[in-house]
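One structure is given below, encoded as structure tokens.
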Amino acid sequence: MIKLIHFGIIVLSSGFLLLCYMLFLRKEKYHQLNRFYLLFSLVFSSLLPFIKFTVSVQHLIPNTQSFLTTVTEAPAIPFGMILYVAGAALFFILFFLRLFKVFRQIIGKHYIEMNGLKVIDNPEQKVPFSFFHYVVVDSTTFELDELDLVLRHEAAHAQQWHTLDILFVELVGVVCWFNPFVWAYKSALKSQHEYAADAAVIHSNVPRNDYFDLILKQIRHQNRLAPVHSFGATAVKSRIRMMIAPVHGRHRWMRYLSVIPMSALLIAGNSLLASSKNVPSFMENVVVPAAVSQSLSEYSDKAETIPTETVKVKRVVRQAKSQQKREENISQLEALESQSWLSTQYGDPVEFYDEAPDTKQEEHYNVIVTGDAPQIYQVNVSETP
């Protein structure tokens, strides 16, 4: 069951890993490693709440089922789940509409096979874009040598399956629509795709200045069609700066290995957070609503479900007192013996005082609470004048 804290873990971990990328890796020319880092970080942070190592905690009183009454939370109206599903459905519809617009540009259109690409000439599409092996371009906008450079660029996208990355991030955005960093991941990933495609063109021995001029011509045009790779979509300044930047030291790629200790640290933190919830409630000095069973009674063999968010401990103890009065087979001696045994084995239990409703006497109750449910193992009553 997904809880609110899981959403927080996803957002914080993805933001932390993205911050590390922006500070230390964004300007590196290892485009494929950056691509892997972004994809891994997005997947890892989305699955982090479910990656944990827990230590099993045994009950404080083993083999004493006759003393126990298990308390489970009554099912509440899942408003959080309804909100999450509604948001995911909305983002899925938006994603489907954007994808449908792309299919309208491709399906049923006449195309020409060129170097493994299916090129569609569309005069209405001023900014070239690619979707898998389909390329939509307005041939009248470019000269023949410029068109060759554009197709080289889009061919690099197709050969490296960049569209698959974008579709994957879009689907992650549907599932984790509450995470604002997903959109930053998609933007960073598209930038790395463009850097990799530009590098492929430059390494094919084309005139670098001609390619720079071609990129500058696309500044005036914007293609808001998604999820596709547009030739002029990414900031021109950053693309040119990345192409002319020198390659740094050979061993700088080793900094990508830092993802291993960072991932281990996040897993350890998540496991520690999950394990902290298994601490018995009485150790945290917290009054926990619960239901009570009486020892050696027929009532103790029955499990009772009570909405734990509405039942208070005082009300539960009053119910236990009434039940104890109806049980004639439990003597005061047995109650004192069980109290002494519990205190000896497990230390002093949680104590509080409650005024009896029909008398002016004060009744002293000892309650031992443990477990994640929680469970009350024993209640002992003694009246003092």
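The table below gives the values:
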| quantity | calculated |
| --- | --- |
| Segments 166-173, 240-247 sorted - mean Cβ within 10 Å per residue, highest first | 166-173, 240-247 |
| Amide N proximity, region 162-205 versus ILE120 label position 7 Å along Cα-to-Cβ, cut-off under 18 Å | 162-164, 167 |
| Share of alpha-carbon pairs per 10 Å distance bin for region 77-233, given as whole % | 10, 37, 31, 14, 5, 2, 0 |
| Projected label distance in nm at ARG98 and SER258, using a 7 Å step from Cα toward the beta-carbon | 3.0 nm |
| Extent along principal axes [Cα atoms of region 110-154; Å; largest to smallest] | 21, 21, 15 |
| Flagged links, alpha-carbon separation over 21 Å, of LYS101/LYS186; LYS27/LYS186; LYS101/LYS237; LYS29/LYS217; LYS3/LYS190 | LYS101/LYS237; LYS29/LYS217; LYS3/LYS190 |
| Distance in nm between pseudo-label sites at LYS109 and SER238 (7 Å out along the Cβ direction from Cα) | 2.7 nm |
| Fully extended contour minus Cα-Cα distance, from MET22 to LEU83, at 0.36 nm per residue | 18.8 nm |
| Net length gained if the chain between PHE40 and ALA274 were fully extended (0.36 nm per residue, minus Cα distance) | 81.9 nm |
| For region 100-180, alpha-carbon Rg over 2.2 N^0.38 Å | 1.23 |
| Per-residue ³J(HN,Hα) for region 139-147, Karplus 6.51 cos²θ - 1.76 cosθ + 1.60, θ = phi - 60°, Hz, x for Gly and Pro | 5, 6, 7, 10, 6, 4, 5, 5, 4 |
| Cα centroid separation, region 243-261 to region 146-195 (Å) | 21 Å |
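Just so you know, all these numbers are worked out from the coordinates, no wet-lab data involved. Treat the numbers as computed from the prediction; the structure is a model and nothing was measured. Don't worry about glycine lacking a Cβ; one is built from the backbone with ideal geometry, like all the others, and counts go over all protein chains shown.
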